[in-house]
Amino acid sequence: MTTEAGALQFASVSKAFGSRAVLKNVSFSVATGTAFVLLGRSGTGKSVTLKLLCGLLKADSGVIRVNGEDITKFDSNQLSSIRMHMGFLFQSAALFDSLSVGENVAFPLRRHSKKSDEEIRHQATSLLERVGLGKEYDSMPANLSGGMQKRAGLARALAVEPSILLVDEPSAGLDPITSNEIDQLLVDIKTDQHTTLVVVTHNMQSARRLADQMAFLDQGELLAQGTVEELERSEEPLVRDFMSSQQAG
Amino acid sequence: MLQRQFTLRGCDLNQTSLDPQPSLLQEGLSTAESGLSFLGGLSLFALETVRESVRRPFEGGEIIRQLAEIGWRSAPLILLSGLAVGGVLSMHTRSTLERFGAESMIPTALAFALVMETGPLVTGLLVAGRVGAGIGAALGGMRVTEQIDALESLAVNSLHYLAVTRIIACVIALPLLTVLMNFSGLLGSYLAESSIAATPFTHYFETAFSSMAFSDYVPPTLKTLVFGFIIGTTSSYLGYNATGGAEGVGRASTQSVVLSSVLLIVVNVILVRLIAFLFPVGGA
Ligand SMILES: Nc1ncnc2c1ncn2[C@@H]1O[C@H](COP(=O)(O)OP(=O)(O)OP(=O)(O)O)[C@@H](O)[C@H]1O
Ligand SMILES: [Mg+2]
């Protein structure tokens, strides 16, 4: 077993929903402490890939390794223990609507740490401050804008200080300035905490800023994969279009 | 005319004259099939929750929260319904017993009717309506908005945290609510009675329970543990597996009420037989 491949590895993974094949024999790996940006048109299976990476969906075939361990054969307890070190930002944010924004962020801390209530509140507040929501501790998720929910979701994903962070479109619905701030936050997390990042985004500007490696998913296959420069030189017209069309924004 | 019919029959044997029967049969078969697959899925889910319920962590805080929501918040509904049911029962009982000159038996007859069957069943159906719909909608909503996935991603066993806690709360709440229903029913009947014949409150209650033994009271009340389990598992199962956005949530909620009520009524028949078999004196 070649485990030095990195924190995350997809080896010939296929996934279908009924008769719709979403991923066909997809392989890639992400080295520890680097950022992997997944690009692709809408509906090509980017969110599905992220869910497979933390075992929320089961692959039909292939091997998915997290820190060298094949999670496709894990039971729910084993998955739980590996998820202790993973953070996931859902495309829909998926905040618990029965809890306040602050309690959403505090939720994983209350469950998985032995800290006092005061410490947890303090930590949740400072996480909210990092995503620019310092004043929203007591707001309910339903009363936040889409972009604010997204940032609260990111704060919740960061709460357990994950060594692997999976984020689904962190800058969707954000203005350019906030979007820059979130990108900077992700870069900081990567450099300071040596966190492995997998980022799905449509925003080429933030993709360039974040990515150590990029991959372009189309019709269930990876059309191209490599560094930003490598993808820019890609022969594939679709990839070149994608890389250049949004150069400005 | 005749000839045409003949040729039609000759050519399109399946599509014309014989058509309605196979399609009806097929419809019946597919209904039976989906019914069986529902029961199969529900049984597996129920087994899984039972197995999960003994695992750590026990989620005590969440169970208490659900007990408050399922038990405490249902209390006003049960209390009011109990008063009304007791009042109506007493009117019927009076008109029946008066014919035999047995008015003095009214409290006893009422207590038996309430405790043996009316109390448990009405409580079960009321809770199936209020709580079944609530659980179906709450879990269904969490499913379609990815909140259940979010729980899982935060290393929480969502089945235990969401379903097992609610099922345990239902199982604990149902017998307690049934006791409340029995007492408020008796109170309702006393209020209705006292408007006709003045009897002291304590005397009424003493007469009601004077000829009732432990084995009359306890088994019918404890059978509601099973009702609670049925309501909790059915509605959790439907909500937990909801698909298809807001419409799917609505469907899960409606089906939770319908299917847990039906299952409850059917299983009640078996339980009544079982209790009659195990406690022959009281059940006969
Ligand atoms: N739970 C599911 N059941 C059935 N089909 C699904 C499910 N989840 C995803 N799909 C299908 O898989 C395909 C890929 O979905 P996915 O959400 O991964 O797309 P995406 O690349 O993230 O798109 P977007 O950029 O719009 O978010 C879609 O065609 C979708 O219909
Ligand atoms: Mg997506």
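Residues checked against (1) within 14 Å of chain A (Cβ to nearest Cβ); (2) of a type in the set (A, V, I, L, M); (3) under 24 Å from B:Gly71 (Cα atoms):
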{"position": "B:Ser104", "(1), (2), (3)": "no, no, no"}
{"position": "B:Leu126", "(1), (2), (3)": "no, yes, yes"}
{"position": "B:Val131", "(1), (2), (3)": "no, yes, yes"}
{"position": "B:Val171", "(1), (2), (3)": "no, yes, yes"}
{"position": "B:Pro175", "(1), (2), (3)": "no, no, yes"}
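A search for C-beta distances below 6 Å between a residue of the stretch B:145-159 that is more than 7 Å from chain A (Cβ to nearest Cβ) and touching a residue at least 24 places away in the same chain (Cβ under 8 Å) and any residue that is surrounded by fewer than 21 Cβ atoms within 10 Å (Cβ to Cβ) and among the acidic types (Asp, Glu), counting only pairs 6+ apart in sequence or on different chains, returns B:Leu159/B:Glu52. For B:Leu67, are the conditions met, namely being farther than 22 Å from B:Gly134 by Cα, hydrophobic (A, V, I, L, M, F, W, C) and modelled with pLDDT of 90 or more? Answer is no for this residue. Does A:Lys73 meet the test of being away from ligand 2 (no atom under 16 Å from the Cβ), more than 16 Å from B:Glu152 (Cα to Cα) and surrounded by fewer than 22 Cβ atoms within 10 Å (Cβ to Cβ)? The answer is yes for A:Lys73.
Of the residues in the stretch A:35-75, how many are assigned to a loop (DSSP other than H, G, I, E, B) and either in contact (Cβ under 8 Å) with a residue 12 or more places away in the chain or within 15 Å of ligand 1 (Cβ to nearest atom) (or both)? Summing the residues that are assigned to a loop (DSSP other than H, G, I, E, B) and either in contact (Cβ under 8 Å) with a residue 12 or more places away in the chain or within 15 Å of ligand 1 (Cβ to nearest atom) (or both) in the stretch A:35-75 gives 15. A:Glu169 falls short on exactly one of the conditions (1) within 21 Å of A:Lys51 (Cα to Cα); (2) more than 16 Å from ligand 1 (Cβ to nearest atom), and that condition is (2). For the structure I just gave you, tell me whether B:Ala150 is within 17 Å of A:Ser76 (Cα to Cα) and out of contact with any Asp or Glu (no Cβ under 8 Å at 6 or more places or on another chain). Yes: the conditions hold for B:Ala150.
Among the residues of the stretch A:113-127, is any under 30 Å from A:Glu221 (Cα atoms), at pLDDT 95 or above and within 14 Å of chain B (Cβ to nearest Cβ)? Within the stretch A:113-127 (the criterion being under 30 Å from A:Glu221 (Cα atoms), at pLDDT 95 or above and within 14 Å of chain B (Cβ to nearest Cβ)), the answer is no, since none of the residues qualifies. Name the residue that is nearest to the chain's Cα centre (by Cα), counting only residues in the stretch A:32-66 that are more than 13 Å from chain B (Cβ to nearest Cβ), within 11 Å of ligand 2 (Cβ to nearest atom) and hydroxyl-bearing (Ser, Thr, Tyr). If we take residues in the stretch A:32-66 being more than 13 Å from chain B (Cβ to nearest Cβ), within 11 Å of ligand 2 (Cβ to nearest atom) and hydroxyl-bearing (Ser, Thr, Tyr), then A:Thr49 is nearest to the chain's Cα centre (by Cα).
Quick grid of which residues meet (1) free of Cβ contacts under 8 Å to residues at least 60 places away in the same chain; (2) closer than 18 Å to B:Gly228 by Cβ:
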position: B:Glu52; (1), (2): no, yes
position: B:Gly86; (1), (2): no, no
position: B:Gly101; (1), (2): yes, no
position: B:Met105; (1), (2): yes, no
position: B:Ala109; (1), (2): yes, no
position: B:Ala128; (1), (2): no, yes
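Residues in the stretch A:90-101 that are more than 10 Å from chain B (Cβ to nearest Cβ) and within 21 Å of the chain's Cα centre (by Cα): A:Val101 only. Restricting attention to the stretch A:80-89, the residues being free of Cβ contacts under 8 Å to residues at least 40 places away in the same chain and facing chain B (nearest Cβ under 8 Å) number 3.
Tallying residues that are outside any helix (DSSP H, G or I) and surrounded by fewer than 14 Cβ atoms within 10 Å (Cβ to Cβ) within the stretch B:237-284 yields 3.
The values are calculated or read from the model by the stated rules, or taken from the named source; none is laboratory data. These figures come from a predicted structure and were not determined experimentally. As a convention, Cβ positions derive from the backbone with ideal geometry for all residues, glycine included, and neighbour counts pool all protein chains shown.
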